[in-house]
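What follows is a set of notes on a single structure, which appears directly below.
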Amino acid sequence: METVVLSFSGNVAVLELNRPDSLNAMDVQMLNELVEALRQVKQSDAQLLLIRGRGRGFSAGGDIKTMLRVEDEGAFHDVMNTIQQLITTLYELPKIVVAAIHGPAAGLGLSFALASDYVIATKDARLAMNFIGIGLVPDGGGHFFLAKRIGEVKAKHLIWEGKPMSAMEAYDLGIVDFVAENEEQIEQKLAEWQAKPLQAMIATKTLYAKTTKDELLHVLQLETDAQQKMRKTTDHREGVQAFLEKRKPNFIGK
């Protein structure tokens, strides 16, 4: 694996996103390697999984260049199926999963983090469900996870605004579970969890996952359908072009 790094220490697995030059934007290779890494974690004796990004941030989201290369329907559905596999695997993984966010966590990167059991953010973290900026809807289960954490109405407003949030703003909303001052505090939280009866915690996670997995799968399919429609809109094309040209988009509602 090249775009992710997986390591083990005792009963802790550490999965690092490893495309630092692109703020760990998720391309097809990374998505596939993340699925493979989670498969290895599932088969391991680890009970805790820490997910973090290398470089200046957690993940800037889906790679725009990848999006531009998947114009045909077959390639689009392959990518969305991989995202579905990734998110469902992480959601029901029989481990306690902790996402440690620093710097940007946006779009698909944020959806991926929210599929974890705990979300930690450092004080410099910036979180955004910013699909709206390119005329798209959240994918990766973003609708599902936000509604679970903050309720449907607040989730809609956050998605529609697409504005970056500081770590404390996200904590106050309930999107982040703990704001860390430094790396040492993250290590302290991991040590606290390691001292707990993890098998009992995992049993509770499994119970909830079994009762809600069908709902998550339904949302993921609805997101795929909506994304397919939005990709054909004038606003989406304008949003991508504006992003590439680093200017404000001129949306017209079509």
Problem set entry | Matching residues, region 205-237, being among the hydroxyl-bearing types (Ser, Thr, Tyr) and in a helix (DSSP H, G or I) | 206, 208, 211, 212, 224, 234
Problem set entry | First in region 116-143 and at pLDDT 95 or above, second anywhere and aromatic (Phe, Trp, Tyr) and buried (at least 24 other Cβ atoms within 10 Å of the Cβ), Cβ under 8 Å, 6 or more apart | 125/58; 137/131; 138/131; 139/131; 140/112; 142/131
Exercise. Are there any pairs, at least 6 apart or on different chains, whose C-beta atoms fall under 7 Å, with the first in region 78-91 and closer than 14 Å to residue 223 by Cβ and the second open to solvent by 30 Å² or more (accessible area, probe 1.4 Å), and if so, which?
Worked result: 79/28; 82/32; 88/213; 88/217
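Do the conditions hold for residue 24, that is, is it in contact with a Gly (Cβ under 7 Å, 6 or more places away or on another chain) and not aromatic (Phe, Trp, Tyr)?
On the way: in contact with a Gly (Cβ under 7 Å, 6 or more places away or on another chain): yes; not aromatic (Phe, Trp, Tyr): yes.
Yes; evaluated as a whole, the condition is true for this residue.
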Seminar exercise, completed: Considering residues that are over 26 Å from residue 88 (Cβ atoms) and either open to solvent by less than 60 Å² (accessible area, probe 1.4 Å) or under 22 Å from the mean Cα position of the chain (by Cα) (or both), the number found within region 190-205 is 1
Exercise. Do we have any residue at all in region 88-107 that's over 23 Å from residue 22 (Cβ atoms), open to solvent by 20 Å² or more (accessible area, probe 1.4 Å) and polar (S, T, N, Q)?
Worked result: yes
For this session: Could you check residue 160 against (1) aromatic (Phe, Trp, Tyr); (2) at pLDDT below 95; (3) exposed (fewer than 11 other Cβ atoms within 10 Å of the Cβ) and say which number it fails?
Result: (2)
For this session: For residue 16, state whether it is open to solvent by less than 40 Å² (accessible area, probe 1.4 Å), without any contact (Cβ under 8 Å) to a residue 40 or more places away in the chain and of a type outside the set (Gly, Ala, Ser).
Result: yes
Problem set entry | So residue 240, is it open to solvent by less than 40 Å² (accessible area, probe 1.4 Å) and outside any helix (DSSP H, G or I) | no
Exercise. If you go through region 169-177 one residue at a time, do you hit one that is within 19 Å of the chain's Cα centre (by Cα), at pLDDT below 95 and under 27 Å from residue 131 (Cα atoms)?
Worked result: no
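The values are calculated or read from the model by the stated rules, or taken from the named source; none is laboratory data. As the structure is a prediction and not an experimental result, all values here were calculated from the model. Don't worry about glycine lacking a Cβ; one is built from the backbone with ideal geometry, like all the others, and counts go over all protein chains shown. Surface areas here come from the heavy atoms of the whole protein model, side chains and all, with no ligands, DNA or RNA. Shrake-Rupley method; radii C 1.70, N 1.55, O 1.52, S 1.80 Å.
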